[in-house]
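What follows is one structure encoded as structure tokens, with my remarks underneath.
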Amino acid sequence: MGKKQKRATKRFSVSSERRWIVAGFVGTLTNYFKRRFAAVLRESWGWPWPQGRRAGCRRRQRRLLFEALEPRIMLSNVSWAAPAGGDWSVGSNWNTGTVPGSGDTAIIGTLNPGAQVTYNTGVSTVAALQDSGLLTITGGSLTVSGSTVVTGTTLTLDGGTLAGTTLSTASGGVIETAPGSTSTLDATTLGDNITVASESTLDIADGLTFQNGATITVDPGATLNFVDGTSNTQIVSGSGSIVLAAASGSYAAAQVNANGSNAGSSVTLASGVNIIGGGSATAPNVITADTGNTIIVDGAITNATLTAASGGYLQSGQSGQSSLTATITSSDGGTTSPSELTGTIANGLEQIGPTNVMVNANGTQQFALANFFSD
């Protein structure tokens, strides 16, 4: 063999040997990491390495589990689609072809001049209401579980019930009753002003909460009633006012009545609630607790006459924050207290200001007070 051939053979042998060494080393590392990785997979995931399957190992089976989630209601916007107005309960008047439901926000946009949307029958619930058209409720019961915002238009209560909502306005929106109507606000939060128009009646059921110093203005000849709802006990709370108008023309001074139909009905006027009368001595604003009803005053009443029919009661709250500048009379006008009251009235003869007033617990004098304006 020549020198050149010997050198070539030697180079080939060395190169081949090195390759086999490197291949062996890589193979050893690969097998090592395969075994380690397979162990990790078996311990952590229960997955057998493919070599195990070839060796006859049985693959561990894992059952897929599904976690049950709470029901979800997808909220959606349902918009009014008839600019000429129409009936709320007609599905074709809405862009979805169906009347909005409990998971929907009902949106009434701008309507043609003189057009209005009328809710007049049935019982419905929506998640929220945005009114930029002209919505009139004339009958039935509409529950809005969230907010009702009246923007640049009028929401008119001309009968029926609006329940469960927080009422507010924007851009000059107005909330009012229609003259001659009887409407109900049930478990409502009042975030803006509302007007009870002359010759109309607004019934409050299941409590009312004032926000942002809102005001209920009761026009001449109008009445605000506190009536029974799901409960015969209700609280008027928050921070706001009930303003009673004076007599005007043929209209009498505005009135407030607690006239629940169940025995033991009561309404509490909480400490942030003020009733402000505008009447005169000859034509006063009268606040009456009808038979079987109690008006509990924990706020302030000014310039009004408080009366209790036979079996009706006027009572102070427990916070000691009551404030009264008013006249208290029996239903027959036979018992009158001073216009400024302080101290405590209980059963029997009590001193309130400069005058003694007899109060009989059995109601024979048609006027009963208990713990009135306690210190």
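Things worth noting here:
- Phi angles of segment 211-224 translate, via the Karplus equation with coefficients 6.51, -1.76, 1.60 and θ = phi - 60°, into HN-Hα couplings of 10, 6, x, 4, 10, 9, 9, 9, 6, x, x, 9, 9, 10 Hz per residue; Gly and Pro are given as x.
- Residue-count net charge about D228 - beta-carbon cut-off 13 Å; Lys, Arg +1, Asp, Glu -1: -4
- Using the 1.4 Å probe convention, the accessible area of segment 172-270 works out to 34 Å² per residue with neighbouring protein chains retained.
- Within-9-Å neighbourhood charge of Y251 [Cβ basis; K, R +1; D, E -1]: -2
- Karplus-based coupling profile of segment 145-153, in residue order and whole Hz: 6, x, 8, 10, 10, 9, 10, x, 8, with θ = phi - 60° in 6.51 cos²θ - 1.76 cosθ + 1.60 and x standing for Gly or Pro.
- Near T217, once Lys and Arg are set to +1 and Asp and Glu to -1 for all other residues with Cβ below 13 Å from its Cβ, the sum equals -3.
- Sorted largest first, extent of segment 89-193 alpha carbons per principal axis (Å): 33, 30, 25
- Gyration tensor (alpha-carbon) shape descriptor, segment 181-272, a/c threshold 1.5: oblate
- Segment 101-149 versus segment 158-225: alpha-carbon centroid distance in Å: 16 Å
- Over every Cα atom in segment 99-139, the radius of gyration and the widest Cα-Cα span, Dmax, amount to 10.6, 30 Å.
The values are calculated or read from the model by the stated rules, or taken from the named source; none is laboratory data. Computed from a predicted structure; not experimentally measured. As a convention, Cβ positions derive from the backbone with ideal geometry for all residues, glycine included, and neighbour counts pool all protein chains shown. Surface accessibility is based on the protein's heavy atoms, side chains included, excluding ligands, DNA and RNA. Shrake-Rupley method; radii C 1.70, N 1.55, O 1.52, S 1.80 Å.
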